[in-house]
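Peer 1: Before I ask anything, let me first share the structure, which is written out below as structure tokens.
Throughout, read-outs are computed from the coordinates displayed, never taken from laboratory work. Source: prediction; values computed, not measured. Here Cβ is always computed from backbone atoms with ideal geometry, including for glycine, and neighbour counts include all displayed protein chains.
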């Protein structure tokens, strides 16, 4: 499926306009929508390629710039120490209310897109995995994919580092898919267990995969990339999204 790329829109949010990149199929038809939340580095090459991959499977993919109120539109942070420090500092400068406002704007954009079926899902990586989980707290989300989401287990996202995501997991009505690396120092075994137990206790419909991999094993750039596991993960992701978002209501 060929794509229409290099589109963007500025969505209205609690903290101002949010530059949102849109990649979608080029041909005619109606397609489900997916909000793709990036890592702390914003819309990098690997994130754009992930968006294109998903769009090629028949989805309208919206990729917000998560630090739109802290950086100039189009800013991409480098995959280096300085970029990581800047991204991590931004992560706890924004309020949870700002993150949730961003999610609302992105979801409403996709639901009302003229080429949308109205069905919408969320997917995210690292910071984005946490944001995909929070997006899935919305009752109008049908599916959520969360790749090694940070901060959920210790409630440390946002200003004050005191988010409530873990305690609210039972509110999720969407089907969820969680992917983890066992050698990921950012989400240790006991942290993963807290999330697993909260999802189970909340009777959330979820699937859980742990691989022998490091943090960022999906990112097709850098020394931690595991191509074999990435290929397996993307097959799991696309199969779940196709089933949940393209099935009849």
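Peer 1: Can residue 199 be described as under 15 Å from residue 130 (Cα atoms), in contact with a helix residue (DSSP H, G or I) (Cβ under 6 Å, 6 or more places away or on another chain) and outside any loop (DSSP other than H, G, I, E, B)? Reasoning before the result, please.
Peer 2: Details: under 15 Å from residue 130 (Cα atoms): yes; in contact with a helix residue (DSSP H, G or I) (Cβ under 6 Å, 6 or more places away or on another chain): yes; outside any loop (DSSP other than H, G, I, E, B): yes.
Yes; evaluated as a whole, the condition is true for this residue.
Peer 1: Moving on. Would you tally the residues in segment 226-249 being free of Cβ contacts under 8 Å to residues at least 24 places away in the same chain, farther than 21 Å from residue 39 by Cα and surrounded by 15 or more Cβ atoms within 10 Å (Cβ to Cβ)?
Peer 2: 0
Peer 1: Considering each of 78, 89 in turn, give the residue that is without any contact (Cβ under 8 Å) to a residue 24 or more places away in the chain and out of contact with any helix residue (DSSP H, G or I) (no Cβ under 6 Å at 6 or more places or on another chain). Please lay out each step first, then the result.
Peer 2: Details: 78 fails: without any contact (Cβ under 8 Å) to a residue 24 or more places away in the chain.
Checking each option against the conditions leaves just 89.
Peer 1: Residue 153 - would you say it is in a loop (DSSP other than H, G, I, E, B) and more than 18 Å from residue 35 (Cβ to Cβ)? If you could, list the steps in order and put the result at the bottom.
Peer 2: Values: in a loop (DSSP other than H, G, I, E, B): yes; more than 18 Å from residue 35 (Cβ to Cβ): yes.
Judged against the criteria, residue 153 is a match.
Peer 1: How many residues, within segment 175-225, are within 18 Å of residue 122 (Cβ to Cβ), exposed (fewer than 13 other Cβ atoms within 10 Å of the Cβ) and more than 20 Å from the chain's Cα centre (by Cα)?
Peer 2: Number satisfying all stated conditions: 0.
Results for (1) in a helix (DSSP H, G or I); (2) buried (at least 23 other Cβ atoms within 10 Å of the Cβ), shown as yes or no for each residue.
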{"position": "5", "(1), (2)": "no, no"}
{"position": "15", "(1), (2)": "no, no"}
{"position": "33", "(1), (2)": "no, yes"}
{"position": "36", "(1), (2)": "no, yes"}
{"position": "48", "(1), (2)": "yes, no"}
{"position": "57", "(1), (2)": "no, no"}
{"position": "76", "(1), (2)": "no, no"}
{"position": "89", "(1), (2)": "yes, no"}
{"position": "97", "(1), (2)": "yes, no"}
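Peer 1: Restricting to segment 99-113, name every residue that is farther than 18 Å from residue 126 by Cβ and in a helix (DSSP H, G or I). Explain how you work it out, then say what you get.
Peer 2: Of segment 99-113, the ones farther than 18 Å from residue 126 by Cβ are 100-101, 104-105, 107-113.
The answer is 100, 101, 104, 105, 107, 108, 109, 110, 111.
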